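Peer 1: Here it is, the structure, as structure tokens.
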Number of protein chains: 2
Amino acid sequence: MPMRLLSLLTTLFVLCSFARAEDGSALWLRYATNGQSEVIVQRQSPTINIAASELRKAWLMPVPVALEIRSDKEHRALGNEGYTIRTTIGAKQVTVTSSGDQGLLYGAYHLLQLQATGQLEGTKLDRLDISEKPDYKIRILNHWDNLDGTIERGYAGHSLWNWDELPAVISPRYEAYARANASIGINATVLNNVNASPEILSANYLQKVKALADIFRPYGVKVYLSINFASPMALGGLPTADPLNKEVAAWWKQKVKEIYSVIPDFGGFLVKANSEGQPGPCDYGRTHAEGANLLADVLKPYQGIVMWRAFVYSPSDSDRAKQAYLEFEPLDGKFRENVIVQIKNGPVDFQPREPFSPLFGAMKKTAVMPELQITQEYLGFSNHVAFLAPMWKECLDSDTYAQGEGSTVARVTDGSLYGHSLAAIAGVSNIGNDVNWCGHPLAQANWYAFGRLAWKHDLSAEQIGEEWLRLTFLPVADARTVGIEPAEDREQLNWLLTLLNAEILQKSREAVVDYMMPLGLHHLFAWNHHYGPEPWCDIEGARADWMPAYYHRADPNGIGFDRSSTGSNATAQYHSPLCEQYDGLDTCPEKLLLWFHHVPWTHSMKSGRTLWDELCYTYDRGVQTTRQFQKIWDRAETFIDRQRFEDVQHRLRIQSRDAVWWRDACLLYFQQFSKQAIPHELERPVHNLKDMMEFKLEITNFECPPYGFTK
Amino acid sequence: MPMRLLSLLTTLFVLCSFARAEDGSALWLRYATNGQSEVIVQRQSPTINIAASELRKAWLMPVPVALEIRSDKEHRALGNEGYTIRTTIGAKQVTVTSSGDQGLLYGAYHLLQLQATGQLEGTKLDRLDISEKPDYKIRILNHWDNLDGTIERGYAGHSLWNWDELPAVISPRYEAYARANASIGINATVLNNVNASPEILSANYLQKVKALADIFRPYGVKVYLSINFASPMALGGLPTADPLNKEVAAWWKQKVKEIYSVIPDFGGFLVKANSEGQPGPCDYGRTHAEGANLLADVLKPYQGIVMWRAFVYSPSDSDRAKQAYLEFEPLDGKFRENVIVQIKNGPVDFQPREPFSPLFGAMKKTAVMPELQITQEYLGFSNHVAFLAPMWKECLDSDTYAQGEGSTVARVTDGSLYGHSLAAIAGVSNIGNDVNWCGHPLAQANWYAFGRLAWKHDLSAEQIGEEWLRLTFLPVADARTVGIEPAEDREQLNWLLTLLNAEILQKSREAVVDYMMPLGLHHLFAWNHHYGPEPWCDIEGARADWMPAYYHRADPNGIGFDRSSTGSNATAQYHSPLCEQYDGLDTCPEKLLLWFHHVPWTHSMKSGRTLWDELCYTYDRGVQTTRQFQKIWDRAETFIDRQRFEDVQHRLRIQSRDAVWWRDACLLYFQQFSKQAIPHELERPVHNLKDMMEFKLEITNFECPPYGFTK
């Protein structure tokens, strides 16, 4: 065959494979499929078989890989999920060693990721000496998926779980889901919404759950369920769900027995009780501890656990941000050993920026776990790019000072500070049945980042972003560059990925904060959705703490919620010296200023500007940075497959328009109070306040707004 | 009364007068009303009485004004509309002198405008020595107003003429209209649309027309009518409208007699014949000259004239831009003395930028007049600011080279080049019944500019802009500054008005060209409106020369209409050396490049950029300049009354969004052909081509699109 024809055919082949493959469904798992090297295993098991199979398909290096179970002191210490990866002298073999099957699988994925990101090139292979163990024992996704297929705050289509067809029909995506989780160390999943239907515990549904659990098991992903606290009534026909009632206890005991008879390694329950209308122990005058302990006691024989959410805010105090603390802190020490209290990162509700919840570090005798939100309920849904690793790091790295300096949220929750054996971290999933799983192609990075941080919380956001970009785009870019001078091209490609990481991923969450709610502002969202701005929103008869004005408190003098000692005194919920730092107008970090203080419009900021001017500058920076994302992304056009390139390009356009909408709505609304001009050197609003106030975005909790052109 | 209370009352009074007066209805006529100086008149007449009354109300200088009719050589030469204004030695009296009443009225307005713009301050009054006469004999507005009250291409409400109520009910706005026109020298008006209803010539309607003519007469504004060439059939019941038919001629003779019996100083007819479906002489195999002469002959005894429009484009040639020339040039010398051919400034149709029509300078034995469009049919309606004086100057100052260098369009049409006694200039009005007359507060400047240029075509756009701004905003700004240090404030105010003129008015039309149709592009408008971009528009069965692709001709090689000698050879319709200049790819002015040439995307422009890159840069410049307008305007906030300030601010916001829409639509559409990236340093599109192509703006020819916020 003449070279020219060969080259043409190669090109055609490459083009065709794009058309087929580059819908984003492959996530970060774009390993080669032409592996030919030897993989040595001592014995077989479902999990080891997966590890071996992955390596046989994709391991391209000219040395064999051995998967070795060893229970020496080193590997016992790493646990059955930990592992080492080492090259034998002379690079004759790479050995992955673990005390458990699961560790071998994690080690295999680690090795393949090193290969895929170019970290085994040259002599690097010769010097491998890796030792890994997870920081959190339970690394769990929370799916807010309803049994009818909708997802509360899901913006990537419908639920992955096709309950109607289960257990008879098994979608290949169930295994793909388990594999993706395993590849980044996620070992647990709550299948259903915390606003739980009792139906999930019916015999019928348990069979469906079992089908999923069976698929997930070899990948080391354990199944958990959200339960409705009133299930004994709804499902069992009892007249009460009082946790101290014996029949209620008996019902739960029987139900748990039934569950474990079907799913022997079932993980346990996640409970949202007495929160936003959900039933709970308080309905019967019982405490959250009494409710949680009821369930803990019946789960204990099976090593099951209870994850009890602290997201409660009955208006018992004038400041919603204080309520979870007020309710849970006094219960410290009252929970069973197998209960863990699940606390949202911030004291309100997954806002673009919040301080960490003061409950971290407040409960010492009780295991607590962070609940992070991967789905972007308050960060632009799947229309906006917002890489969340920096936000989660901000929380995990926060020092609570609970036991003096160094008592970070990470150390409070990973078990190291108080020696709790139960250590977990949850992420509210952004996964749906869209072909690309997460809606926004770049939102896959958040699923990835959650897994990586749950494994190792001191990874930097920069490293995670770079890993994900290289895994996700390098293989395709490599394929596209067939025929182009490889060396030069590879250099450009590396430059581009570095750029995408530094200039888009790493800056993206801060940009969202800037154009939505900078300087500590929060909850300026619309009543019926959390997508667009409605700082003016005022619904007659609705509870005050669901209204933006409750949070921003703008008036002719200034703006912000006084949570200092002259106000709600929420600052007192933090340990010293944070308490004093937050409490002082001049010591409070400016990025949290309006969270903790009602600040005069004329207040002089560190920049030398007044608060009003600083607000204008910050909103504008958000808009300009978003436009910058577009510029950067468009440079990737020749390196990234068309389908994903255009999908991101499209969403960045939406984001740019939304950023302008946010800036205009907030500045023009707040200007009514500040009565000051937007600094004349800044770009001006292009929307009118009146028009924006009259506009209603008609979407439900389960949708991401479409965005065409209209006038 | 204590000073404080007095000050408060003064403030209240000032605030109240804003609320009442600053709706824009006062146009540029914001003279004082506390005049007390003496006005000396020799005799009375309706026109002189108006002049004296205006001066008595508003003349504030401490010297009397005399209005003097004098028929000396100097004033005979200035004509009955010309005048002198002089100060007698020692500044004891200002004398306005003219050979006619009308000249005294014009002189009075001139004097008041000098006073209002601060040009009589200090010792300037002592040295007045002004001599004025109009460049064009007929300075005429064309109203495209239909008898049902709609205005074709009107964006300031409905027609000012309330035909149903006339002649019984006389709106005070009729006189205000005449006064505004007189104040800037406009002396004629065509009341109805060139797509004329025969009904306008009915006895019933002539009574209505007479009522208006009677009001306009003392202000020196003469009435004309558009006629439907088939009126003898529609109105007279004749079987034909053939201009050579004797009964037809008799019908017109009788009709004209009837008109003059009602309106003795009736001006004449404006005719759109055999154009866009209108009837005309060609329907009977007669020429335009034969049609026009029929009417000229019957009007002649009354000194009436015929304005015959050259806007015809039956597809007799493959290039619409050539057709008017092809049709009319051979008729030169065949028209009666009292016929004037009315030619649109450019060869196509009021596009944001066109070369001047080659018909100017092609007809030497025939009087020709420019038809300018004041209403912004193709320049953003009344939503966009586009000060048109620079565009009209561009046409009037263009050298046709018809009689060698210096044969400008102005000199071709003002009668000086060929010695025609008939010299006229028409402007298609932007006036409607909106309170502020023109919709956009800044669009009043275009009515003003038309009047000023029709009077004196060598005025600069800068001077006209400054005059208008000072007349329109100074009096109010002065009132607002009560209580503020006057000297300092006046300085700021002068600085501001200079800024508004230089940075908004003077740059506005070029900005519209940049973001709509730069580099000679034209007619990229939507099918059903001329507001937004539809370069992709393609309507099955519609005539080709109504489709954008007919004009832009974008293809994989390049873009633009080849009208050079290798193409339609429209360049040959221009006199040498223009013909050669336009014909050469390298000599053609870049601002007209794509009008005359089909240019490769890679063509190197004077900037050193490729054509594609230059196109991107120019569209982007349009967007950035529009944003700059917003920044400049917002600086005026403390100097301009709230109502007009906010109205303009609102419209500038619309314009900014529209500019982005235009840029995105055109660049993304043309990018399909160029296959090149938008230069990476430029701001990126925020709309998707597909969305824009699916969007249809549902408006009629009579509306300006509203603009709320939608997603």
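The values are calculated or read from the model by the stated rules, or taken from the named source; none is laboratory data. Every value quoted in this text rests on a predicted model; they were computed, and no experiment measured them. Because the Cβ atoms are built from the backbone with ideal geometry, glycine has one as well, and the counts that use them run over all protein chains shown. Ligands, DNA and RNA are stripped out before the accessible areas are found, and what is left, the full protein with its side chains, is counted by its heavy atoms. Shrake-Rupley method; radii C 1.70, N 1.55, O 1.52, S 1.80 Å.
Peer 1: Distances from B:Asn162 to the same residue in each other copy, label points 7 Å out along Cα→Cβ, in nm, shortest first?
Peer 2: When each copy's label point is compared with this one, the spacings are 6.9 nm.
Peer 1: Strictly over 24 Å apart at the Cα level, which of A:Lys272/B:Lys711; A:Lys675/A:Lys696; A:Lys322/A:Lys365; A:Lys322/A:Lys591 would you flag in this model? It would help to have the intermediate numbers written out before the result.
Peer 2: Details: A:Lys272/B:Lys711 35 Å; A:Lys675/A:Lys696 26 Å; A:Lys322/A:Lys365 20 Å; A:Lys322/A:Lys591 20 Å.
Over 24 Å apart, Cα to Cα: A:Lys272/B:Lys711; A:Lys675/A:Lys696.
Peer 1: Something else now. Using only protein heavy atoms and a 1.4 angstrom probe, determine the accessible area buried between B and A, summed over both sides, in Å² to the nearest 100.
Peer 2: Numbers: alone 27200 and 27170 Å², together 50870 Å².
Interface area, both chains combined: 3500 Å², rounded to the nearest 100.
Peer 1: Beyond 37 Å, what percent of the Cα pairs of chain B remain?
Peer 2: On the way: 103212 of 252405 pairs.
The share of Cα pairs beyond 37 Å in chain B comes to 41 percent.
Peer 1: Quick one: ranking A:Glu152, B:Glu329, A:Glu466 by accessible area, 1.4 Å probe, largest first, what do you get?
Peer 2: Values: A:Glu152 40, B:Glu329 65, A:Glu466 90 Å².
Descending accessible area places them as A:Glu466, B:Glu329, A:Glu152.
Peer 1: If I take the rotation axis that carries chain B onto chain A, which residue of chain B has the nearest beta-carbon, and at how many angstrom?
Peer 2: With distances in whole Å, chain B gives B:Thr710, 2.
Peer 1: To the nearest whole number, what is the average tally of beta carbon atoms from other chains within 10 Å of the beta carbons of peptide B:701-708? Working shown, then result.
Peer 2: Numbers: counts 0, 0, 0, 0, 1, 2, 4, 9.
Rounded to a whole number, the mean comes out at 2.
Peer 1: With a probe of 1.4 Å, find how much accessible area the protein assembly as shown has per residue, and write the answer as a whole number in Å². Working shown, then result.
Peer 2: Working: 50870 Å² over 1422 residues.
Solvent-accessible surface per residue comes out at 36 Å².
Peer 1: Name the lysines eligible as straight-distance cross-link partners of B:Lys255: C-alpha to C-alpha under 17 Å, and not fewer than 8 places from it in the same chain.
Peer 2: Once the sequence-local lysines are set aside, what remains near B:Lys255 is B:Lys208, B:Lys210, B:Lys246, B:Lys300.
Peer 1: With every atom except the alpha carbons ignored, what do you get for Rg and Dmax of region A:138-459, in angstroms?
Peer 2: Answer for region A:138-459, Rg first and Dmax second: 18.5, 55 Å.
Peer 1: Can I ask one more? Could you pull the Cα extents of region B:81-224 along its three principal axes, largest to smallest, in whole Å?
Peer 2: 59, 30, 28
Peer 1: Just tell me which aspartates and glutamates come within less than 12 Å, Cα to Cα, of B:Lys364; anything on the same chain fewer than 8 places away is out.
Peer 2: B:Glu329, B:Asp332
Peer 1: Normalised radius of gyration for region B:530-595, please: alpha carbon Rg relative to 2.2 N^0.38 Å, two decimal places.
Peer 2: Values: Rg = 13.8 Å, N = 66, 2.2 N^0.38 = 10.8 Å.
Against the compact-globule rule of thumb, the ratio is 1.28.
Peer 1: Which distances, in nm and shortest first, link the B:Lys365 label point to the same label point in every other copy, taking 7 Å along Cα→Cβ?
Peer 2: Inter-copy label distances (nm, one decimal, shortest first): 11.6.
Peer 1: Something else now. For A:Ala402, what residues show an amide H to amide H distance below 5 Å, using hydrogens built from the backbone and excluding near sequence neighbours?
Peer 2: For A:Ala402, the qualifying residues are A:Ser407.
Peer 1: If you count, for every residue in A:679-685, the Cβ atoms of partner chains within 10 Å of its Cβ, what is the mean? Provide the component values of the computation, followed by the final result.
Peer 2: Values: counts 2, 5, 1, 2, 6, 12, 6.
Mean inter-chain Cβ contacts per residue within 10 Å come to 5.
Peer 1: With no solvent and one equal point scatterer placed on each C-alpha of region B:626-710, evaluate the Debye formula and give log10 I(q)/I(0) for q = 0.12, 0.21, 0.25 Å⁻¹, two decimals.
Peer 2: -0.52, -1.07, -1.24
Peer 1: Another question, then. Equivalent-ellipsoid semi-axes (√(5λ), Cα gyration tensor) for the protein assembly as shown, whole Å, largest first? Intermediate results must be reported in sequence, preceding the final value.
Peer 2: On the way: eigenvalues 1145, 292, 148 Å².
Those come to 76, 38, 27 Å.
Peer 1: While we're on this one: As a test of the formula, what do you get for chain B when each DSSP H run with n ≥ 4 contributes -39,500 (n - 2.57) and the sum is divided by the residue count, at 222 nm and rounded to the nearest 500 deg cm²/dmol? Spell out each step's value before the answer.
Peer 2: Working: 22 runs with 270 residues, N = 711.
Mean residue ellipticity, 222 nm, calculated: -12000 deg cm²/dmol.
Peer 1: Through the Karplus equation 6.51 cos²θ - 1.76 cosθ + 1.60, θ set to phi - 60°, convert the phi angles of region B:75-84 into ³J(HN,Hα) values in whole Hz; use x for Gly and Pro.
Peer 2: Using θ = phi - 60°, the values come out as 7, 4, 5, 7, x, 6, 9, x, 6, 10 Hz.
Peer 1: Residue by residue through B:641-651, how many Cβ atoms from other chains fall within 10 Å of the Cβ on average?
Peer 2: Values: counts 0, 0, 0, 0, 0, 1, 0, 0, 3, 4, 0.
Per-residue shielding by partner chains comes out at 1.
Peer 1: Can you give the Rg to Rh ratio of region A:286-358, both from alpha-carbon atoms, with Rh computed by the Kirkwood formula? Walk me through the numbers before you get to the answer.
Peer 2: Values: Rg = 13.5 Å, Rh = 13.1 Å.
Rg/Rh: 1.02.
Peer 1: Taking all protein chains in place and a 1.4 Å probe, what share, in percent, of the accessible surface of the protein assembly as shown do carbon and sulfur account for?
Peer 2: Working: 26250 of 50870 Å².
Exposed carbon and sulfur together represent 52 percent of the surface.
Peer 1: If you don't mind, there's one more thing I want to ask. Taking a point 7 Å out from Cα toward Cβ as the label site, list the nm distances between A:Ser318 and the same residue in every other copy, smallest first.
Peer 2: Relative to the other copies, A:Ser318 has label-point distances of 8.2 nm.
Peer 1: While we're looking at this one, here's another question. Cα atoms only, region A:119-163: Rg and Dmax in Å?
Peer 2: Considering region A:119-163 through its Cα atoms, Rg and Dmax are 19.9, 53 Å.
Peer 1: Suppose the Debye formula is applied to equal point scatterers at every Cα of region B:31-132; what is log10 I(q)/I(0) at q = 0.12, 0.14, 0.20 Å⁻¹?
Peer 2: Results for region B:31-132 at q = 0.12, 0.14, 0.20 Å⁻¹ read -0.33, -0.45, -0.94.
Peer 1: Around A:Ile559, under 14 Å between beta carbons, what's the net of Lys plus Arg minus Asp minus Glu among the other residues?
Peer 2: On the way: positive: A:Arg553, A:Arg563, A:Lys675; negative: A:Asp555, A:Asp562, A:Glu590, A:Asp613, A:Glu614.
Net charge in that neighbourhood comes out at -2.
Peer 1: Out of B:Asn557, B:Gln93, B:Gln672, whose Cα points farthest toward the positive end of the dipole of chain B (charges: +1 Lys, Arg; -1 Asp, Glu; placed on Cβ)?
Peer 2: With unit charges placed on the Cβ atoms, the residue in question is B:Gln93.
Peer 1: What number, in nm² with one decimal, is the all-direction average of the projected area of the convex hull of the alpha-carbon atoms of region B:580-632? Each step should come with its number before you reach the end.
Peer 2: On the way: hull surface 16.6 nm².
Computed as one quarter of the Cα hull surface, the answer is 4.2 nm².
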